[in-house]
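Notes for the one structure printed next.
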Amino acid sequence: MPENTTVRELWDRTHRALLPWTRVPADELHARSLEAVTAAVTVQWGGCDDALLDAPATDAQVHAIVAARTAYGFGWRDAVLGDVAADARAAGLGSGPGGLWAPAGQRHHGRGRAHRPTLRQDLEFVARHPWATELEHLRAVRCAVEASSADPRATLTSLYRTAWTDRATERRGWDDADWSQYLYVAELTAWAVVALGLPVEHPADAGTAVEDAADAVSPHNWTWTGTGLPEGFLDAAFEALGL
């Protein structure tokens, strides 16, 4: 790896490596992960038949599922990204988007606890693809870019408005976090900067700038009470990105 490798170069390499995976349906990603995790715990438990799966899970079993999922996730990450994560660590360039560049020991999601009626249900829930959320961000960006002929303003407008519609339809959370956090404005913006080829050295900083712009234009205590993005947000986002 050249000593002068930059953060932006690593984002670009990460984007190119992940982009084909945005065309794989999320359900298929989860199914592949479930298959791999099930195979791993079957070996550990000496079997995994219907009698076991249809009984209540123990915390120890869920811990095993979490460990298998974590191992699968980092194996998948390294197979897809190649040397990107190692290059980022060698250059001291941080954990990257969604923690994709982080060492395995630095990305913790807890050990998990059994709280569903059966082991089968806990397995299906816990063993979802570890990087599905990041891939969903990229998928949303790709769709917005393709629908807008890669025009930056049109792409971002489509991206943010679609994110609003999707989240508002889900009706999750509402008031325990800023609306921009529910929309993943920072994460979507960072990937959009990369996908559009905007001249930004630190995509994550661009995402933070737009999230700050969202906070600045939102009325006090405003969450999801409006019918769409708060007035002035798009102009503030464009200004934050120099568009």
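The values are calculated or read from the model by the stated rules, or taken from the named source; none is laboratory data. In this text the structure is predicted, and so the values were computed from the model without any measurement. FYI the Cβ positions are ideal-geometry reconstructions off the backbone, even for glycines, and counts take in every protein chain you see. Side chains included, ligands, DNA and RNA excluded: accessible areas come from the protein's heavy atoms. Shrake-Rupley method; radii C 1.70, N 1.55, O 1.52, S 1.80 Å.
Some observations on this one:
- Test: residue in the stretch 173-185 that is open to solvent by less than 40 Å² (accessible area, probe 1.4 Å) and modelled with pLDDT of 95 or more: yes
- Selected residue [modelled with pLDDT of 95 or more and closer than 22 Å to E187 by Cβ] from L34, L135, L93: L135
- When the residues of the stretch 26-70 are filtered to those that are under 22 Å from A132 (Cβ atoms) and open to solvent by 70 Å² or more (accessible area, probe 1.4 Å), the one that is farthest from the chain's Cα centre (by Cα) is E35.
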